[in-house]
2 protein chains.
Amino acid sequence: MPNQNVVVLVGGVGGAKLALGLAQILPPQNLTVIVNVGDDFWHYGLKICPDADTILYTLSGLVDKNNGWGVSGDTVNTLEQLRVYGGDSWFRLGDRDIATHLYRTERLRQGARLTQVTAELATALGVNVRLFPVTDDRMETIVHTQEHGALAFQEYFVKHRWQPTLTRLEYAGSESARASAEVIEAIEQADVILIAPSNPYLSVEPMLRIAPLRELLISRAVPRVAVTPIIGAQAVKGPAAKIMRELNLEVSAETVARFYGNVINGFVTDTVNTPFVVDGVRTIALNTLMQTDADKAALANQILHWIMSWD
Amino acid sequence: MPNQNVVVLVGGVGGAKLALGLAQILPPQNLTVIVNVGDDFWHYGLKICPDADTILYTLSGLVDKNNGWGVSGDTVNTLEQLRVYGGDSWFRLGDRDIATHLYRTERLRQGARLTQVTAELATALGVNVRLFPVTDDRMETIVHTQEHGALAFQEYFVKHRWQPTLTRLEYAGSESARASAEVIEAIEQADVILIAPSNPYLSVEPMLRIAPLRELLISRAVPRVAVTPIIGAQAVKGPAAKIMRELNLEVSAETVARFYGNVINGFVTDTVNTPFVVDGVRTIALNTLMQTDADKAALANQILHWIMSWD
């Protein structure tokens, strides 16, 4: 991929897999990772960015590979002591992880933009690809549920382990939030735009809601390719399939491709999925289940070679 | 000491020793510990109360006995990761310790008073004596130095290891801060008032500056006894002697007794100190160097028995 600028839009664990695959095969200056902020929240006064942290820990090699998030071998002594105090302990705060939150919160308090702080964390961790939060503005995904009404994202996702029945999603603040200058420039200069196999509703749509992202993507006459998060009518991880059922959608890769609509002009489905055709969207079936780091690099490689073959 | 209410004013490590001695020999309902807040500060967005924490950890048995502060066996994984990020690491943040700060900060943000939060922490740690910060208001000890100008207390004490030359002390906010209702009530109901062998200038004076403490103490017709922090022209720990020299004061127990003036009517000096007489102040010489927990109980016991013998 000589001198091709690749931009990938990612959420958390699923996004981190493709990001790591791409990072293994592309020169760092050619890869830009744009990460969702809809999951970000404040907890114990700490600004926590779960998706960005997962990407940072994954690309730096710090990640706990069993979970796909958090720092490998991290202790939870602060969390254990918080339990002694009767404090909330539903969100797993690892001790090294807390440093990330403390550093970020302190720098934001000092007036730094989230984009700048994220770059500082990446540099300190030896991550040499560009990692940009989609916006420096506030935007929070709110999950409206049958059982508990409106839940802040992490309450839905972690505290209630995504078990409540989703009735609708709200992207609070998305009307006024603006994509950062860095994100806009990266998309304007991209030769290839990828959407990682992240949750379309929870991770990708929040980014597309942030002006001018959707329109800017559609305007770019370059390959814009999403990778299916659905393999064989199931989500690889997390609530994507469950949410599709709750939204009365067919659980399929085709549903995802149609959801992205004209934002994409290419789609990577899985070899085990039922084939489908969507007008204006080129499709390829690959083995998209990334288990090892080699799998991740292989899939990234196959996707980019397929895209390079487009006439 | 049947049904004698004892109140002890304390700073950090030195104060914790006497507080632990008293806690070993008094029924918990008869002991109230009033702790300095002049050392409190904000760091990484955390409200840290070093003196209260030292008392909490000491009375709960959690304390690192080698240092006299911090949690025994605590890890510093958050701090190590903060160093990776290039963050400030001059203040030792233990991982369990951070939980104390996070819990306190969160409860303050929710609107709880510092007094209430301190009580919650004490209860959770099994500390059954009353522990009250002297005020819920802001009051910060500022150390003016030759080398660095005005230093926030922890910068002077920890970052610069109390090496700069003190020119004067400022108790910022002390004019408007008020002692809490709990502190006032405890002093009003005290049968014995003790001032621990804490630093007179850095730990005790900040409390005495908070209205109506000095006047209230003076008004109480009960034994009001300070314990010398100076043994043989040296401070047991910390900068008391150094500060006395910098303030052109003789480094002696007598200087301390005269500094407290009419706030006290009794003084415990050490057997190795030069004897002295201060009008209106009864004096006894005891072995005040508390090394073991048994030493602490023994000194507390001797002091209270001496006081009970007053006619």
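No lab work stands behind these numbers, since they all come straight from the coordinates. Everything quoted here is computed from the prediction, not taken from an experiment. All Cβ positions, even for glycine, are placed from backbone atoms using ideal geometry, and neighbour counts span all protein chains on display.
Here are some notes:
- Residues of segment A:77-104 that are of a type in the set (Ser, Thr, Tyr) and in contact (Cβ under 8 Å) with a residue 24 or more places away in the chain: A:Thr100 alone.
- Within segment B:100-123, tally of residues that are surrounded by fewer than 17 Cβ atoms within 10 Å (Cβ to Cβ) and aliphatic (A, V, I, L, M): 2
- When restricted to residues that are loosely packed, with under 14 Cβ neighbours inside 10 Å and of a type in the set (Phe, Trp, Tyr), segment A:261-310 contains 1.
- Residue match in segment A:9-18 (condition: under 16 Å from A:Ala196 (Cα atoms) and either more than 15 Å from the chain's Cα centre (by Cα) or part of a strand (DSSP E or B) (or both)): yes
- Residue in segment A:35-58 that is over 23 Å from A:Pro206 (Cα atoms) and under 20 Å from the mean Cα position of the chain (by Cα) present: no
- Residue match in segment B:154-164 (condition: away from chain A (no Cβ under 14 Å), of a type in the set (Val, Ile, Thr) and not in a loop (DSSP other than H, G, I, E, B)): yes
- For A:Ala16, the stated conditions hold: it is more than 14 Å from chain B (Cβ to nearest Cβ) and in contact with a helix residue (DSSP H, G or I) (Cβ under 9 Å, 6 or more places away or on another chain).
- Residues in segment A:141-174 that are aliphatic (A, V, I, L, M) and under 19 Å from A:Ala235 (Cα atoms): A:Val143, A:Val158, A:Leu166, A:Leu169.
- Filter pass, A:Val183 being aliphatic (A, V, I, L, M), out of contact with any Ser or Thr (no Cβ under 8 Å at 6 or more places or on another chain) and either assigned to a loop (DSSP other than H, G, I, E, B) or buried (at least 24 other Cβ atoms within 10 Å of the Cβ) (or both): no
- Flag: A:Gly21 matches the condition of being more than 14 Å from chain B (Cβ to nearest Cβ), touching a residue at least 60 places away in the same chain (Cβ under 8 Å), buried (at least 19 other Cβ atoms within 10 Å of the Cβ) and in a helix (DSSP H, G or I).
- In the set (1) away from every other protein chain (no Cβ under 14 Å); (2) within 19 Å of the chain's Cα centre (by Cα), the condition left unmet by A:Thr145 is number (2).
- Complete set of residues in segment B:107-153 that are aromatic (Phe, Trp, Tyr) and in contact with a helix residue (DSSP H, G or I) (Cβ under 6 Å, 6 or more places away or on another chain): B:Phe132
- Filter result (buried (at least 18 other Cβ atoms within 10 Å of the Cβ), over 28 Å from A:Met290 (Cα atoms) and either more than 8 Å from chain B (Cβ to nearest Cβ) or within 19 Å of the chain's Cα centre (by Cα) (or both)) within segment A:62-99: A:Val76
- When restricted to residues that are under 19 Å from the mean Cα position of the chain (by Cα) and in contact (Cβ under 8 Å) with a residue 40 or more places away in the chain, segment A:105-124 contains 5.
- Which numbered condition A:Leu151 fails, given (1) of a type in the set (A, V, I, L, M); (2) crowded, with 19+ Cβ neighbours inside 10 Å; (3) within 14 Å of chain B (Cβ to nearest Cβ): (3)
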